[in-house]
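The values are calculated or read from the model by the stated rules, or taken from the named source; none is laboratory data. Note that this is a predicted model, so its numbers are computed, not measured. Cβ sites come from the backbone with ideal geometry, for glycine too, and all protein chains shown count toward neighbours.
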Amino acid sequence: ASRGAMETLPPDIRPARLRKDIERLSSPQREAERTYALEAVQADARAIRRLSVELKEDREVVLAALRQSGEELHFVSWDLRDDREIVLAAVRQNGLALRAAGDKLRGDKEVVMAAVRQDPDALHHATPEMQADKEIVLAAIKQKPTAIRFAARKLRADPEVVFAAGEQQPATFWLAAPKLKNDADVVSHMVRREGSLIVLASERMRDDRPIMFEAMEKQGNNLERASDRLRADPEVVMEAVKVDGEAIRWAAVEFRGDPEVVLAAVQQNGEALRFATRLLRANREIAVAAVEQRATALRHVAPELHSDPDIVQALARHGTTPEEALKSAEESLESQEKRTWGNAYGLYRDLYFAPDPDFPPTEEEVSKAFKTDSAVIAKMQRKAAARAMEAKVRERV
């Protein structure tokens, strides 16, 4: 092939000898090579990966590539990775390009701020000093609350930072410093926002009556997270079952035989009758209240009351008969079992979400893991066995 033809070849496939010859070419020829490089990176920023070392040090060529794709900062010369103008161009296009910047610029406030504004997760690649900068961290978490996982420990102990993340995504409270999970004001603020966050609070907070009342205000089942002392407190239990009748399952066992508590529970949710003692399931007033609230509660009523006139009348108000109600209850039970297994994905996330914030699982990984993780299946089977044992115990009381 002629020399002219060889010169038209892309740099990465030219013979080594020819590349050396080109480096010795006259200025006009070098300018032609530079023009070719500019056109190439403007068409596709990845072309910078195939350029000569000399062209990877050319500011104009590099800037043209980085304005197209900041990630190409990985392929420019080390000297330019320490160049403020170059790195700013990269992170403004792709915040995650910060990881390819020199150490000095990963600690430059203007550069880091530009990066986190483009992609909050860029905080992960900033220096520890920048991860401890409150202004930068707040800028990141206001766009993406989960970026708090990259904040310095001292900022995860700062209520303002934790609240800023929690207001948008309450679950980020799990990333808060332990001392905040033991702070009454902080815990109170968070459980008012999302009651289920009580599970993340310290044991002392879960033994605090006012805190637990706030947690159960909209979610009575949070009684499960209360201390043993509060689960044996009549006032606390009554408050829980008024919000969610089935919360009685988490109360101290003696409440299952308390007519006042059981009546309040079934008035809120007739299905709560399944947690009552055999004696109370044969109590006409309680049975009628349960069936009036939900016809399918008939399956928990003592058999001798199924034909009771008050029960039949209560079912009639639902437009059904005892036979139809029992059949519907059976179908409802089957549907509930399917939902239980369908919700196992959520259970997997609760139980196995990676504690290391640097390596959280992707949605695809979580889904795949659930399908193959025998530990999750075993957990669900243990829960089913516990329900069966509970039913046997209930039959004996």
Exactly one of Ala252, Ala215 is surrounded by 15 or more Cβ atoms within 10 Å (Cβ to Cβ), of a type in the set (A, V, I, L, M, F, W, C) and closer than 17 Å to Ala171 by Cα, and that residue is Ala215
Expected single match for surrounded by fewer than 19 Cβ atoms within 10 Å (Cβ to Cβ), in contact with a helix residue (DSSP H, G or I) (Cβ under 9 Å, 6 or more places away or on another chain), of a type outside the set (A, V, I, L, M) and within 30 Å of Pro210 (Cβ to Cβ) among Glu160, Glu71, Glu85, Glu110 is Glu160
Condition met for Ser196 (hydroxyl-bearing (Ser, Thr, Tyr) and not in a loop (DSSP other than H, G, I, E, B)): yes
Q. Do the conditions hold for Glu129, that is, is it out of contact with any helix residue (DSSP H, G or I) (no Cβ under 7 Å at 6 or more places or on another chain), among the charged types (D, E, K, R), more than 22 Å from Met216 (Cα to Cα) and not in a loop (DSSP other than H, G, I, E, B)?
A. no
Only unsatisfied item for Pro259, checking (1) within 22 Å of His306 (Cα to Cα); (2) at pLDDT 95 or above; (3) surrounded by 17 or more Cβ atoms within 10 Å (Cβ to Cβ), is (3)
If we keep only residues of segment 141-157 that are among the hydrophobic types (A, V, I, L, M, F, W, C) and farther than 19 Å from Asp119 by Cα, then the residue surrounded by the fewest Cβ atoms within 10 Å (Cβ to Cβ) is Ala157
